[in-house]
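No value in this document is a laboratory result; all are computed from the given coordinates. The model shown is predicted, which means the values in this text are computed figures rather than measured ones. Note that we place each Cβ from the backbone using ideal geometry, even for glycine, and neighbour counts take in every protein chain shown.
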RNA sequence: GCUCCCAUCGUCUAGUCAGGCCCAGGACGCCAGGUUUUCAUCCUGGUAACAGGGGUUCGAAUCCCCUUGGGAGUACCA
C-alpha cells in the first residue's frame, strides 16, 4: 500500500484566507552575471510581491565556496536596481531575518542537519567523492546511472550500514562526511504547482541528496528550505530547472514538520533559433546581449555586452521581459512597471518555454524612445554629440530629436539620421547624384538660392510657401527641385522635411551648402 | 538511459480550466499598396499555426489515450 504524502497543507492554503502577508524572495547564486532569465524571475517575484502588498527579499545563495566570483553579487544588485526592481529586505537593506547572505548564516544550518539525523530523516555518509565518481563511471560503462538511493545505500559507507559506535568513532577522528537525506520508500510525493497544477512523483525515483557538505556548508537544498522557512516565504517563484528538485524540497518540509510555501515554476527562456536554454553563447553568436549590464569577467578578462550599455531603456527592457512568458489576456503590450504590477498574475504565466526575440526587443525600445520627451532625449543625445566634439544648443538638439526620433530604435542611432544638421556635407551620394543631378539642375539651384536669400524669417512655413510659389510661377517640377536641393543640403536622399532642415541650420548655412554643392558637383 | 515538464502562425501569444461565438484573434518580422520633395514614419492590405493518430461527443484547438517532437533534471553546483 502506498503512503500518500501531500505537502498541500491547510496552513499553506490559509495564507490566502488569513491574509497573511505575501513574502517572496529572489535567491541568486553569485557565480557570475545574472542573465535575462534570472532577471525575469526576479521581475515576476517583484510584480507578485507588489501586487499583493507583500515583501520582496533578496537572498544571496553562496553556499558553494568554489564557485564564488568577485563582483557578481554587486552586479546582481546593480542590475536589478537598473531594472527598477527594489528589495524590502536584502544584504544591502538588511531586515528582520538578517543576515541575507547564506555564507553569513553558515553556523545556522548544522543544527537543522542534526535535527534531521536525530529524527531519522537523514544520515551520515562517508563515501569519498572519488569512490562515488568510480561508481558513476562503472554504472556508465554499463549504460546505467548510479544513484545514491534505496537500492544502493545499503551497500555504501554510511550510518545506515555501520554500527553506531563506528560512526561515532569516524566522526570523532575527524573523518570527512556528508549528511544525506533519507528518501522514504514506497511513497508518492504529491505536489501542487501554481503554474503546472498537480505533479506526482514516486519516491523511489529520487536520490538521497547531500544536505550538508563535508566542508561544513549546507547544500542549496538544505539552506534553501531552512531559509525559506525562517524567512517566512509564502511563495517560491523560480525557474523550471528547479522542478525536478521540488519532491525533495517537499519531503524536506515534511521531515521538518513545517508548512511548505506555495510553488510556481516559471517556464524557461529559450534561444531564438533552434532549441535549448538561452545561454551566454547565444548572445555572442547572434549579436544581442543576454545580460542586463555589461560584465567584465574577473577571471577570464572577457567582456559581455549588456542591455544598458547597448542603449536599451530599462523600462523597455522590463516591459519586454514581462511579456516573455506572461500576458495580460488583453491586447495591451506597453506597460509601465505600475501597470505590470496591476495586471500581473501567476495564473496567466504560460507553461511552455519562450524563445527570446531580439527583434521584438528593439521594437519595444522604439516604442519607449518615441514616447520619451524630446527634451530628455535631447539630453541623452547631446552626450553622443559631445563625444563627437560637436557643440550645439539645447533648443536645436531638441528640435532635431523631435524630427528624427520616429526613425530610430536607440538614442545612439539618432546621429545617423541627423548628422547633416550639425555637419556640412563633404560628399554627395553617387546614386543620388546620378538620379537627381541633371544638366539643368545647377541653374535651378542658383535661381533657388537667390529666392532663399530674400527670405529673412527662415521658418518652415515661410520657406515652404516661398519655394512653392517660385516653383509654380516658373512651372518647375517639385521633384526636380526638391530632390536636388536635398542632395545639396544633406548629401544623400534621406532626412526629414527640407524646410525643417533649412529652418534649423539657418539661412547662412543653407546658402553656403548650396554654393558649396554647386562648386563640387558637375555643372 | 531514467524522472519530470511542455506542444496554436518563423517568433511572442489570445483562445484550453467551465467543448459550439474560432474554416483560430492580436503583436513582432516579412511582403505589397497608399501618403510623401527623398529616406523613414504612418495608414491599409497580405503572408502564416491548432505536431500526428486514435477516442469521447450532435459538435474538439479546447476533454482522454497513444505516438512524435522539444526542454529540464539526473554533482559534496546553484
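Using 0.36 nm per residue, how much length does the chain from residue A:169 to residue A:392 gain when fully extended, once their Cα-Cα distance is taken away? Each step should come with its number before you reach the end.
Values: separation 223, 0.36 × 223 = 80.28 nm, distance 8.11 nm.
Length gained, residue A:169 through residue A:392: 72.2 nm.
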### Query
Calculated from DSSP H runs of 4 or more alone, at -39500 (n - 2.57) each and per residue, what is the 222 nm mean residue ellipticity of chain A, nearest 500?
-14000 deg cm²/dmol
### Query
Exposure proxy check: A:471, A:451 ranked by fewest other beta carbons within 10 Å?
A:451, A:471
## Note on the structure
Least to most buried among A:47, A:286, A:444, by other C-beta atoms within 10 Å and fewest first, runs A:286, A:444, A:47
#### Entry: Spin-label model distance (nm) - residue A:81 vs residue A:451, 7 Å beyond Cα toward Cβ
5.9
### Mean separation of Cα contacts under 8 Å, 6 or more apart, over the residue count of chain A: relative contact order %
13
#### Entry: Separation of the residue A:137 and residue A:155 label points, Cα + 7 Å toward Cβ, nm
1.8
### Task
Compute the acute angle (0 to 90°) between the alpha-carbon long axis of helix A:246-256 and the principal axis of greatest extent of the alpha-carbon atoms of chain A; round to the nearest 10°.
50
### Query
If one takes the longest principal axis of the Cα atoms in chain A, at what angle in degrees, from 0 to 90 and to the nearest 10, does the Cα axis of helix A:106-118 lie?
40
### Prolate/oblate/rounded label for the range A:282-432 (Cα gyration tensor, a/c 1.5)
prolate
### Message
Can you classify chain A as rounded, prolate or oblate using the Cα gyration tensor, where a ≥ b ≥ c are the square roots of its eigenvalues, rounded means a/c under 1.5, and otherwise it's prolate if a/b beats b/c and oblate if not?
### Response
prolate
### Query
Using alpha-carbon positions, what is the distance between the centroids of the range A:339-369 and the range A:289-331, in Å?
12
#### Entry: Order of A:268, A:230 - criterion: other Cβ atoms within 10 Å of each residue's Cβ, fewest first
A:230, A:268
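By DSSP, what percent of the beta bridges with both residues in chain A are antiparallel, rounded to the nearest 5? Walk me through the numbers before you get to the answer.
Values: 19 of 39 bridges.
Roughly 50 percent of the beta bridges in chain A run antiparallel, per DSSP.
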### Task
Would you please give the FRET efficiency between residue A:331 and residue A:53, computed as 1/(1 + (r/R0)^6) with r the Cβ-Cβ distance and R0 = 30 Å, to the nearest 0.05?
0.60
### Message
If I fit a long axis through the Cα atoms of helix A:72-83 and take the longest principal axis of the Cα atoms of chain A, what angle between them do I get, 0 to 90°, rounded to 10?
### Response
50
